[in-house]
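The values are calculated or read from the model by the stated rules, or taken from the named source; none is laboratory data. The structure displayed is predicted, hence computed values, not measured ones. Because the Cβ atoms are built from the backbone with ideal geometry, glycine has one as well, and the counts that use them run over all protein chains shown. The protein model used for the area step is the full one, side chains on, heavy atoms only, and it has no ligands, DNA or RNA in it. Shrake-Rupley method; radii C 1.70, N 1.55, O 1.52, S 1.80 Å.
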2 protein chains.
Amino acid sequence: MRTAPGPRLLVLKVGGSVLSDKHTTGATDYAAIDDFAARIADLHAEQPGRIVLVTGGGALCHPVGLRIKADRTDAYAAVALTEPAFAMRWAWTTRLRAHGVRAVPLQVSAMYTERPDGTVVQTEAVERLLRAGALPVLSSDFVVTAAGTLRIFSSDEVPALFTAERFRPLRVVALSDVPGILTGGGAVLTAVDPHRLDEIRGLLWSRPGDATGAMDGKVEALAALARDGAECVIARGERTQPLRHLFAPMTEWPPATPRTLIAVGAHR
Amino acid sequence: MRTAPGPRLLVLKVGGSVLSDKHTTGATDYAAIDDFAARIADLHAEQPGRIVLVTGGGALCHPVGLRIKADRTDAYAAVALTEPAFAMRWAWTTRLRAHGVRAVPLQVSAMYTERPDGTVVQTEAVERLLRAGALPVLSSDFVVTAAGTLRIFSSDEVPALFTAERFRPLRVVALSDVPGILTGGGAVLTAVDPHRLDEIRGLLWSRPGDATGAMDGKVEALAALARDGAECVIARGERTQPLRHLFAPMTEWPPATPRTLIAVGAHR
């Protein structure tokens with residue numbers, strides 16, 4: 001029996017929803033970050049140099065994002081996001097280092113820019129760190145747009161830095177506070193064809209006041225990556241559960257792990 | 001009479017010594033940053049898109065730098081510098097923005113890496129911001145070495161990102177707590193040939209316990225840039241004095257402005 005190979009690179013996004021409750025307490029859960037850091041340290045020990053961590057913003061970044069979106073006068077308002085975004089990268093970096101990982105925070109704004117003729121991606125620092133067996137820690141931030149202004153670059157967009165051939169096969173796993181795209185009654189949509197998003201759009205939602213569009217924006221971003229060849233997975237972030245299956249072929253994931261796979265060739 | 005043209009790009013480094021007294025109080029002088037930000041805002045209004053600001057670390061970064069240098073076991077210890085370095089970039093960014101400048105902090109570590117076959121410089125984000133008339137705010141940080149470890153990248157080294165032809169003529173001005181290289185008795189060496197550093201080495205000094213080598217390291221870094229064609233100047237940072245002469249040919253600088261010029265063709 002042939003099994004699909006595992007990924008060469010895993011971009012692991014831990015959603016802000018897992019690290020804080022941006023709708024109620026407004027606090028970042030640093031104990032959750034520490035728990036996840038321990039799980040990621042275990043995974044990284046087995047797969048050094050093959051993981052890029054992307055931290056969601058959560059409670060720290062959410063109110064800043066809302067203020068930026070409400071600003072109608074300052075085309076550079078998004079620069080305000082750099083402060084909470086650095087704080088999140090640093091929180092992960094210190095806790096991963098405490099677990100023995102060579103974690104290194106890097107600012108995406110310096111590595112990705114938009115131009116009228118396309119995007120420019122410059123990831124030499126990330127690639128050199130990966131080759132050295134280290135763990136780059138990325139996050140949301142601002143990005144320079146084709147018009148020369150700034151916009152918010154959501155953590156869901158960050159995996160787009162790694163779609164070049166040399167990173168493939170690429171897997172993107174987004175850990176969230178839900179186990180995938182819900183169909184109602186607690187069931188999870190197992191697989192989504194990224195070319196047929198229209199069929200499931202009724203299942204997505206965007207909470208009022210959300211800075212980045214919640215599941216709607218996440219699925220759009222992941223589907224774009226999937227159309228470009230990445231294997232994208234939404235799963236629930238469980239801070240006490242091992243993450244070792246994240247490098248296994250999807251067919252070998254623990255049966256009790258609900259998730260939504262978004263990939264070309266995936267079907268419901 | 002022919003006069004040399006002014007620079008296309010000015011890399012303005014404001015030394016940590018101007019912003020704090022790292023040898024006594026250990027405090028960052030945020031009022032000084034605000035004063036300099038006002039002067040830089042005036043200069044930037046006249047020369048938008050032609051200035052890159054590099055902030056020295058000073059009191060915030062100095063003790064972290066010493067701890068990193070003392071560390072004999074962790075090849076990734078320099079990652080600790082990212083926290084105070086971001087704090088310095090952010091202090092400048094907020095104060096420059098308060099003075100109406102589109103200041104944008106960017107992490108040098110993501111734009112510069114060392115390899116066995118040379119360095120890789122990726123400054124697209126900086127260049128796009130300059131073309132948009134904005135002011136990139138850079139600082140010291142870690143850098144990935146050819147060996148795949150990290151080392152401290154001093155703010156004196158940051159101008160090396162801008163030696164490419166498209167940035168020339170390049171001027172680097174380092175504002176310090178002294179008016180240049182002192183010859184004794186308060187006199188300042190007017191000009192230094194970067195190919196003949198040996199002749200003046202007796203005038204340089206390195207204070208014990210300094211993380212970056214003080215004037216010694218600064219002059220070495222500037223001389224390397226000057227040998228590569230940049231026009232480098234050390235001058236005293238005066239928080240209440242206009243900075244408009246920084247784009248003028250050296251012959252047109254105010255006569256009462258002591259400074260040391262380090263450039264090919266400069267002579268004592």
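Given the criterion aliphatic (A, V, I, L, M), open to solvent by 10 Å² or more (accessible area, probe 1.4 Å) and closer than 19 Å to residue B:109 by Cα, identify the matching residue among A:188, A:121, A:158.
A:121
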Original post:
When you go through (1) within 14 Å of chain A (Cβ to nearest Cβ); (2) surrounded by 17 or more Cβ atoms within 10 Å (Cβ to Cβ) one by one for residue B:54, which number turns out not to apply?
Top reply: (1)
**OP:** For residue B:226, indicate whether it is within 24 Å of residue B:168 (Cα to Cα), modelled with pLDDT of 95 or more and among the small types (Gly, Ala, Ser).
**Re:** yes
**OP:** Considering only region A:57-76, state which residues are open to solvent by less than 10 Å² (accessible area, probe 1.4 Å) and modelled with pLDDT of 95 or more.
**Re:** A:76
Original post:
Which members of region A:95-107 meet the condition of being within 19 Å of the chain's Cα centre (by Cα) and either free of Cβ contacts under 8 Å to residues at least 40 places away in the same chain or more than 8 Å from chain B (Cβ to nearest Cβ) (or both)?
Top reply: A:95, A:96, A:104, A:105, A:106, A:107
**OP:** Could you please find all residues in region A:117-130 being more than 9 Å from chain B (Cβ to nearest Cβ) and in contact with a Pro (Cβ under 8 Å, 6 or more places away or on another chain)?
**Re:** A:130
Subject >> Filter result for residue A:194 (over 30 Å from residue B:131 (Cα atoms), more than 14 Å from every other protein chain (Cβ to nearest Cβ) and either open to solvent by less than 10 Å² (accessible area, probe 1.4 Å) or aliphatic (A, V, I, L, M) (or both)) >> reply: yes
**OP:** Would you check which residues across region A:143-155 are open to solvent by 10 Å² or more (accessible area, probe 1.4 Å) and more than 15 Å from residue A:218 (Cβ to Cβ) and list them?
**Re:** A:145, A:146, A:147, A:149, A:150, A:151
Subject >> Tally of residues being in a helix (DSSP H, G or I) and either β-branched (Val, Ile, Thr) or open to solvent by 10 Å² or more (accessible area, probe 1.4 Å) (or both) across region A:226-268 >> reply: 7
**OP:** State whether one or more residues within region B:131-142 are open to solvent by 10 Å² or more (accessible area, probe 1.4 Å), facing chain A (nearest Cβ under 9 Å) and under 23 Å from residue B:88 (Cα atoms).
**Re:** yes
Original post:
Restricting attention to region A:44-51, does a residue exist that is assigned to a loop (DSSP other than H, G, I, E, B), modelled with pLDDT of 95 or more, open to solvent by 20 Å² or more (accessible area, probe 1.4 Å) and within 16 Å of residue A:93 (Cα to Cα)?
Top reply: yes
Original post:
What number of residues within region A:69-92 satisfy the criterion of being at the interface with chain B (Cβ under 7 Å from one of its Cβ atoms) and either farther than 16 Å from residue A:34 by Cβ or under 16 Å from the mean Cα position of the chain (by Cα) (or both)?
Top reply: 5
